[in-house]
1. Residues in segment 76-99: is at least one in a helix (DSSP H, G or I), outside the structural domain of residue 258 (by TED's automatic domain parsing), closer than 24 Å to residue 33 by Cα and over 30 Å from the mean Cα position of the chain (by Cα)?
2. Could you identify the single residue in 76, 60, 54, 97 that is farther than 25 Å from residue 161 by Cα and acidic (Asp, Glu)?
3. Consider segment 76-92. How many of its residues are out of contact with any helix residue (DSSP H, G or I) (no Cβ under 8 Å at 6 or more places or on another chain) and touching a residue at least 40 places away in the same chain (Cβ under 8 Å)?
4. Which of the residues that make up segment 31-75 are of a type outside the set (Val, Ile, Thr), in a strand (DSSP E or B) and more than 26 Å from residue 117 (Cβ to Cβ)?
5. Cβ-Cβ distance below 6 Å, separation of 6 or more or different chains: which pairs start in segment 56-68 with a residue that is touching a residue at least 60 places away in the same chain (Cβ under 8 Å) and end on one that is surrounded by 12 or more Cβ atoms within 10 Å (Cβ to Cβ) and charged (D, E, K, R)?
6. Of the conditions (1) assigned to a loop (DSSP other than H, G, I, E, B); (2) farther than 23 Å from residue 312 by Cα, residue 114 clears all except one; give me its number.
7. Of the residues 237, 256, only one is in the same structural domain as residue 311 (by TED's automatic domain parsing) and over 21 Å from the mean Cα position of the chain (by Cα); which?
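The values are calculated or read from the model by the stated rules, or taken from the named source; none is laboratory data. No experiment lies behind these values; they were computed from the predicted model shown. Methodologically, a virtual Cβ is constructed for each residue, glycine included, from the backbone with ideal geometry; neighbour enumeration extends over all protein chains shown.
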Amino acid sequence: MADTVSTLPPVNALSDDSTPGSLITLDGQIQWGGLLMGTGTPYPVDRTGITGWDDLPELDLGDVLRPDQHGAWPGDRWAQPRLIGATVWLAPPAGTDPLATARAFRSATGPDGQERWLAVRLLGETLAVRARVSRRVVPQDRSYALQGFAKVSLQWTATDPRRYGTVLHDAVTGLPVGESGLTWDDTAGSGLRWPLDWGAAGAAGSITAVNGGGASVRPVVEFRGPVERPSLTRLSDGRQLQYDLALGAGDVLTVDTETGTVLLNDTASRIYTATPDSSPEQLFQLEPGTTDLAFRSDDTTPSPGASVTVRWRDGHW
């Protein structure tokens, strides 16, 4: 009777890509899309580990040499794409089909052109970048040919060199509403009556966003109607996003400050509605630390259904 060889379940490289590091449970593990590498997997990480993860990316310097004295005038500094390398093993578990292990790995690390979350946990901290596989080297030696064992080199390219926290923060607020205050009763000539009714509490229409990392990040902003000419202002310097349009009940205007897009109900571009006072979307950032934001509109009577939602992840170099 022939021996039965079990196979590994296929790896879905796109599984749960919205939540980086969702499969990671141990330090030293790497998650690329739906592929988990490291301790406890068929793809243990080699002792040489990972390169380019905690390194500072290469920088483009805008310094200008001084023509009449030593040194240069300092200019802007911009980080180049981050290159991350890892050496892992193809190590099919005993009793499994080596080809299944190799096929799952090849399927997950192909050059399909899509950026996905690459997450790494070190010292109890999981950070992630959006990246693509840019290199894969699998030596086809005797060990690989007979048993499926191979020492594999992988390289990813992250066009955005910043690393992000795995938690997606969000904050919501409505438009500012004043307090109604005390009610003066003139009908009985008694003025104020005990117990005092201070009325409904007001709302400031403000958000405090905390970026717990050391790198500035660009948030996603969602304005929900009904609201007339919505705006979101960064109180530290007055920089704002403002759009000259009226959102009806149920309408959502999504501003992605990373890509610079402004979409109405996820379909129609409305970037042309930006007012002259509105900053370019990609300049609206959340600096490290605390950023206070204010939601405003041109409505004479603010609607309680109007709101703004701000979403971001902590940014790290």
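1. Taking segment 76-99 first, the residues in a helix (DSSP H, G or I) are 98-99.
If we keep only those that are outside the structural domain of residue 258 (by TED's automatic domain parsing) as well, we get 98-99.
Add one more test, that the residue is closer than 24 Å to residue 33 by Cα, and what stays is 98-99.
Applying the additional criterion that residues be over 30 Å from the mean Cα position of the chain (by Cα) yields 98-99.
Looking through segment 76-99, at least one residue is in a helix (DSSP H, G or I), outside the structural domain of residue 258 (by TED's automatic domain parsing), closer than 24 Å to residue 33 by Cα and over 30 Å from the mean Cα position of the chain (by Cα).
2. Numbers: 76 fails: farther than 25 Å from residue 161 by Cα; 60 fails: farther than 25 Å from residue 161 by Cα; 54 fails: farther than 25 Å from residue 161 by Cα.
Of the residues listed, the single one that is farther than 25 Å from residue 161 by Cα and acidic (Asp, Glu) is 97.
3. Residues meeting the conditions: 11.
4. Initially, segment 31-75 is screened for residues of a type outside the set (Val, Ile, Thr), giving 31-38, 40, 42-44, 46-47, 49, 52-63, 65-75.
Among the residues that remain, those that are also in a strand (DSSP E or B) are: 31-32, 35-37, 46-47, 49, 59-61, 65, 72-73.
If the condition is that a residue be of a type outside the set (Val, Ile, Thr), in a strand (DSSP E or B) and more than 26 Å from residue 117 (Cβ to Cβ), then 61, 65, 72, 73 are the ones that fit.
5. 57/82
6. So residue 114 meets the others, but not (2).
7. Values: 256 fails: over 21 Å from the mean Cα position of the chain (by Cα).
237 is the lone residue from the list that is in the same structural domain as residue 311 (by TED's automatic domain parsing) and over 21 Å from the mean Cα position of the chain (by Cα).
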